[in-house]
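Q: Could you have a look at this structure, given as structure tokens, before my questions?
The values are calculated or read from the model by the stated rules, or taken from the named source; none is laboratory data. Predicted model only: the values in this text are computed from it and were never measured. When we count neighbours, we look across all protein chains shown, and the Cβ atoms used for this are built from the backbone with ideal geometry, even at glycine. SASA here: full protein model, heavy atoms, side chains in, ligands and nucleic acids out. Shrake-Rupley method; radii C 1.70, N 1.55, O 1.52, S 1.80 Å.
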Amino acid sequence: MPPSRSQIQPGLTVDIVQKQDQPTGKLTRGVVATLLTNSPTHPHGIKVRLTSGQVGRVQAVVAAGE
């Protein structure tokens with residue numbers, strides 16, 4: 001189950017899956033700039049924009065030092 005909106009905040013490092021990578025499940029790692037999903041949960045993950053400008057759904061929050 002992907003993390004809920006309350007577990008994600010700007011500045012956190014996360015792994016996202018971008019729209020074009022959904023069939024393969026390829027993850028992209030980056031730092032959250034803004035949260036784009038307003039609902040508290042989403043079955044495919046909360047949509048965010050990374051500081052790099054990439055947009056995708058959060059699959060995991062990366063612990064510090066990983």
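Q: Would you mind calculating the gained length between LEU12 and HIS42 on full extension (0.36 nm times residue separation, minus the Cα-Cα distance), in nm to one decimal?
A: Extra length from LEU12 to HIS42 when fully extended: 8.9 nm.
Q: When only alpha-carbon atoms count, how far does the chain stretch along each of its three principal axes, as whole angstroms with the largest first?
A: On the principal axes, the chain reaches 27, 26, 21 Å in Cα extent.
Q: With Cβ to Cβ distances under 9 Å as the rule, what net charge do the other residues near LEU27 carry (K, R +1; D, E -1)?
A: 0
Q: If you place +1 on the Cβ of every Lys and Arg, -1 on the Cβ of every Asp and Glu, and leave all else neutral, what size is the dipole of the chain about its Cα centre, to the nearest 20 Debye?
A: Computed charge dipole of the chain: roughly 180 debye.
Q: Using protein chains only and a probe of 1.4 angstrom, how many square angstrom of ARG5 are accessible, to the nearest 10?
A: 80
Q: Gaussian network model of the chain, Cα springs within a sub-10 Å range: biggest mean-square fluctuation belongs to which of THR34, THR24, THR13?
A: In the Gaussian network model the winner is THR24.
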